[in-house]
C-alpha cells in the first residue's frame, strides 16, 4: 500500500500575523516523519516508477513525501531533516 504525504510550509516558526495554511515547524515535520517510519518504508519517486507493480502488490506500507509549490524553505528547512532521517527526496539545485 502506498501513501503520498504532502507538506506545504516547513518553517522554524509559524508565529506570523497570518499563519501558514497547514504549515509545520521543523520539529513537527521531523516528529511526523519519525512516527511514519514506525509503520512503513519511505521510497524515492524514481523507485516508485521503477517498482510500481511490485509496490502495488505488496502488503507492506510505503510512503512518498511531496511538497507543494517548490518553495526555497522546503529545500532549506525540510531537506536537512530528510537527509538526517535517511528519507529519500527528489531535489534540484537552487
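Values quoted throughout were computed directly from the atomic coordinates according to the rules given, and no laboratory measurement underlies them. Because the structure is a prediction, the values reported are computed rather than measured.
Here are the numbers for the structure shown:
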| item | result |
| --- | --- |
| Coarse-grained scattering of the chain at q = 0.10, 0.13, 0.15 Å⁻¹, given as base-10 log I(q)/I(0) from a Debye sum over alpha-carbon atoms | -0.28, -0.47, -0.61 |
| The range 30-85 shape via C-alpha gyration tensor axes, a/c threshold 1.5 | oblate |
| CD proxy at 222 nm, helix term only [per DSSP H run n ≥ 4: -39500 (n - 2.57); per residue of the chain; nearest 500] | -8500 deg cm²/dmol |
| Cα gyration tensor, the range 1-53 - rounded (a/c under 1.5), prolate or oblate | prolate |
| Principal-axis tilt of helix 26-37 within the chain, Cα atoms, nearest 10 degrees | 10 |
| Debye intensity ratio I(q)/I(0), log10, the range 55-94, q values 0.20 Å⁻¹ (C-alpha model) | -0.68 |
| Alpha-carbon centroid distance for the pair the range 48-70 / the range 1-39, whole angstrom | 19 |
